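Here's the structure, in structure tokens; my notes come after.
The values are calculated or read from the model by the stated rules, or taken from the named source; none is laboratory data. A quick note: this is a predicted structure, and the numbers were derived from the prediction, not measured. Here the Cβ is made from the backbone with ideal geometry for all residues, glycine too, and neighbour counts use every protein chain on show. What goes into the accessible areas is simple: the full protein's heavy atoms, side chains included, and nothing from ligands, DNA or RNA. Shrake-Rupley method; radii C 1.70, N 1.55, O 1.52, S 1.80 Å.
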Amino acid sequence: MLTVRRPDRSRGPASRFPLRPLLLPALLALVAALGLAGAPAASANLVGIIDDPPGDSSDPAPARDLLDAALAYDRRRGGLTGTVRFRGAPTSDTAGLVTLFAGRRTAEGCNGYPALGFSTYTDGNYPRWHVFDAPGATGVYGETRKSGARTAVQQFEAVDRRMAGKRPDCMIATLTAPGDASIVYDSTGPIPLVAQPVTQIRLRNVPKRMPANRTRRIRVTVSNAGDAPTGPVRLRVAAARGLRAAPKTSRLRTIAPGKSRTVTLRVSLSSRARAQTPLKLTATAGKQKVEASARIALQRPARKNGSGGGGSGSDRPPTLCNRWIPDISGETGGSLGLVPC
């Protein structure tokens with residue numbers, strides 16, 4: 001049985017409670033944007049979202065009735081985000097201990113290893129992330145960022161290299177009595193974690209400045225850092241005054257996990273371009289949309305000095321030298337003075 005070490009706020013030292021297999025039915029919702037999971041789509045590889053029916057709690061308090069739970073995991077960087085929603089806001093009298101975990105599916109439920117997730121008292125105390133790699137292991141844990149203490153919606157976020165590289169395939173959520181794991185108020189899951197693509201754009205060879213009507217080649221690499229294929233990708237260059245880009249739109253074949261495709265753009269600026277011209281690209285793959293941008297300065301010709309009358313012909317100040325200046329009056333014979341070299 002998968003267990004999690006948590007502080008017992010009534011006694012101080014750590015106590016143990018079981019993370020039990022959950023038996024209630026769940027609804028799997030597939031999304032590309034992870035707003036419900038508290039993180040942008042570019043930070044998750046595996047996603048699970050559960051809708052739990054209202055009124056199925058063993059306790060009549062709305063704060064002890066789970067309605068939604070979501071978990072998003074980025075196994076490459078060790079990032080984990082989660083959200084739980086209750087039918088009402090918890091108080092000190094209606095608090096519970098909520099756990100939101102991803103693990104491996106077994107015949108008993110979602111209680112196989114490795115497992116990782118969050119636990120916290122719903123009135124705000126002891127928010128932590130946990131990782132368990134094997135049965136009987138103590139596991140590792142750390143403090144997590146939590147928003148929404150004592151509110152109906154509570155969100156968690158943590159990034160730690162010790163959470164990286166795991167391969168969970170299911171998700172569960174449970175709400176128990178503080179200090180007594182045998183009293184289960186509500187639970188939901190297990191559901192599968194769904195692999196997601198993570199589309200990224202990288203620009204290379206972008207010049208800081210360009211003269212008018214000079215063409216430069218810019219490399220645009222679209223990569224997939226997720227765990228599912230992207231599907232067809234549409235790459236588009238946004239219009240900007242004086243900016244010429246070819247091709248303006250590119251269509252790429254699906255990108256497999258861990259792979260990339262590169263497009264070469266021919267970019268130039270006309271004399272109508274602004275002093276700083278934005279180069280903005282958008283890649284759309286299914287419901288995912290990511291952007292990358294840079295700025296290119298228009299390099300204008302050097303301005304000629306238009307003052308006339310023996311000017312230096314440039315806008316740089318003249319160099320001065322000491323020269324003997326004769327006195328045409330014949331009184332002194334002359335003197336040293338500064339004149340343009």
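Any idea which residue in the range 243-282 is farthest from the chain's Cα centre (by Cα), counting only those that are under 16 Å from residue 233 (Cβ atoms) and open to solvent by less than 10 Å² (accessible area, probe 1.4 Å)? Give the derivation first.
Here is the first cut: in the range 243-282, the ones under 16 Å from residue 233 (Cβ atoms) are 247-265, 281-282.
Filter once more, keeping what is open to solvent by less than 10 Å² (accessible area, probe 1.4 Å): 255, 265, 281.
On the way: 255: 20, 265: 26, 281: 18 Å.
The residue in question is 265.
Answer yes or no as to whether residue 8 is at pLDDT 50 or above and either open to solvent by 10 Å² or more (accessible area, probe 1.4 Å) or in contact with a Ser or Thr (Cβ under 7 Å, 6 or more places away or on another chain) (or both). No, not satisfied. Name the residue that is surrounded by the fewest Cβ atoms within 10 Å (Cβ to Cβ), counting only residues in the range 173-220 that are closer than 30 Å to residue 98 by Cβ and small (Gly, Ala, Ser). In this case the residue turns out to be 182.
Counting only strands (runs of 3 or more DSSP E) that fall entirely inside the range 53-167 and contain at least 1 residues that are aromatic (Phe, Trp, Tyr) and open to solvent by less than 40 Å² (accessible area, probe 1.4 Å), the qualifying elements are 66-74, 79-86, 97-106, 109-121, 128-132, 153-159. A search for C-beta distances below 9 Å between a residue of the range 157-173 that is in contact (Cβ under 8 Å) with a residue 12 or more places away in the chain and on the phi > 0 side of the Ramachandran plot and any residue that is part of a loop (DSSP other than H, G, I, E, B) and open to solvent by 60 Å² or more (accessible area, probe 1.4 Å), counting only pairs 6+ apart in sequence or on different chains, returns 165/76. Within the range 239-257, residues that are closer than 20 Å to residue 277 by Cβ have Cβ atoms under 6 Å from residues that are at pLDDT 95 or above and open to solvent by 100 Å² or more (accessible area, probe 1.4 Å) in these pairs: 246/266; 249/236, counting only partners at least 6 apart in sequence or on another chain. None of 205, 224, 213 is of a type in the set (S, T, N, Q), in contact (Cβ under 8 Å) with a residue 12 or more places away in the chain, touching a Lys or Arg at 6+ places or on another chain (Cβ under 7 Å) and under 29 Å from residue 302 (Cβ atoms) except 205. Any residue at all in the range 135-148 that is within 22 Å of residue 63 (Cβ to Cβ) and in contact with a Pro (Cβ under 7 Å, 6 or more places away or on another chain)? Checked against the condition, which is being within 22 Å of residue 63 (Cβ to Cβ) and in contact with a Pro (Cβ under 7 Å, 6 or more places away or on another chain), the range 135-148 yields at least one hit.
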